Structures are given as structure tokens and as C-alpha cells.
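Below is one structure, written out as C-alpha cells; the observations come after it.
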Amino acid sequence: MNIADLVVAHPPERRDVGIRYDNRLHLVEDAKKIYLELGVPCELHERSISYAVSKHAAGWYAGAFERLTGHPAFNEWDEPAGSRAAG
């Protein structure tokens with residue numbers, strides 16, 4: 001049985017963690033790495049890769065994305081609510 005079937009409360013809030021690119025050169029290649037190495041079905045945008053996670057998991061995912069791709073990650077949990085940019 002899945003714990004989500006037992007919990008009555010709302011699921012935790014989720015915000016995006018990911019990588020933003022200046023151009024699309026490595027976007028698909030890095031997204032494939034993230035999926036194949038970490039099993040994370042991330043979202044592809046025009047110039048970013050993102051995955052929505054809870055606050056407590058955000059640091060781990062940002063670090064894992066950075067180590068795997070070699071690009072700095074963004075973490076919307078660390079950004080002021082009004083400054084979140086869509087990729």
C-alpha cells in the first residue's frame with residue numbers, strides 16, 4: 001500500500017528546481033542524463049530543465065543536477081516568490 005493512500009492532508013507544496021541555459025545546445029542531452037542516471041522525469045522548456053519538488057528535497061535535487069550536468073542549478077525555494085522566472 002502506498003502511503004499517499006493513507007494520508008488525509010494535502011500533499012506538500014512543490015516548486016521547481018533545475019538548470020537554466022543560455023542556449024539549447026546541451027538541454028536535451030542533460031535532460032536525458034538526469035532521467036537515465038537519476039530516474040527523474042524532468043520537464044523541458046525553451047531554455048531550461050525543471051522538476052517540481054518539496055522544500056526539503058530541493059537542495060538534494062539541485063546538487064544532484066549540478067554534479068551530473070556541470071551547470072549551476074536554480075532552486076525556486078531559495079528565490080523570492082515574485083522573482084521566479086519561467087524558463
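The values are calculated or read from the model by the stated rules, or taken from the named source; none is laboratory data. Quantities reported herein were computed from a predicted structural model and do not represent experimental measurements. Cβ coordinates were reconstructed from backbone atoms using ideal geometry, including for glycine residues, and neighbour counts include every protein chain displayed.
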Scan of the range 16-35 for residues that are more than 16 Å from TYR61 (Cβ to Cβ) and exposed (fewer than 15 other Cβ atoms within 10 Å of the Cβ), ordered by number = ASP22, ASN23, ARG24, LEU25, VAL28, GLU29, LYS32
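Can you give me the number of residues within the range 1-12 that are within 17 Å of SER54 (Cα to Cα) and either hydrophobic (A, V, I, L, M, F, W, C) or surrounded by 10 or more Cβ atoms within 10 Å (Cβ to Cβ) (or both)?
Going residue by residue through the range 1-12, those that are within 17 Å of SER54 (Cα to Cα) are 3-4, 7, 9-12.
Next cut, either hydrophobic (A, V, I, L, M, F, W, C) or surrounded by 10 or more Cβ atoms within 10 Å (Cβ to Cβ) (or both) only: 3-4, 7, 9, 12.
Of the residues in the range 1-12, 5 are within 17 Å of SER54 (Cα to Cα) and either hydrophobic (A, V, I, L, M, F, W, C) or surrounded by 10 or more Cβ atoms within 10 Å (Cβ to Cβ) (or both).
For every residue, the table says whether it meets (1) small (Gly, Ala, Ser); (2) touching a helix residue (DSSP H, G or I) at 6+ places or on another chain (Cβ under 9 Å).
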residue	(1), (2)
MET1	no, no
ASP16	no, yes
ARG20	no, no
LEU36	no, no
TYR61	no, yes
GLY70	yes, yes
Within the range 70-87, how many residues turn out to be more than 12 Å from SER48 (Cβ to Cβ), modelled with pLDDT of 80 or more and part of a helix (DSSP H, G or I)?
-> 2
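Criterion first (under 10 Å from the mean Cα position of the chain (by Cα) and among the polar types (S, T, N, Q)) does ASN75 satisfy it? Reasoning before the result, please.
Values: under 10 Å from the mean Cα position of the chain (by Cα): yes; among the polar types (S, T, N, Q): yes.
When the stated conditions are applied, ASN75 passes them.
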Would you point out the residue of the range 1-49, among those that are aliphatic (A, V, I, L, M) and either in contact (Cβ under 8 Å) with a residue 60 or more places away in the chain or in contact with a His (Cβ under 8 Å, 6 or more places away or on another chain) (or both), that is farthest from PRO80 (Cα to Cα)?
-> ILE19
All-but-one check, GLU76 against (1) free of Cβ contacts under 8 Å to residues at least 40 places away in the same chain; (2) of a type in the set (D, E, K, R); (3) surrounded by 13 or more Cβ atoms within 10 Å (Cβ to Cβ), failing number (1)
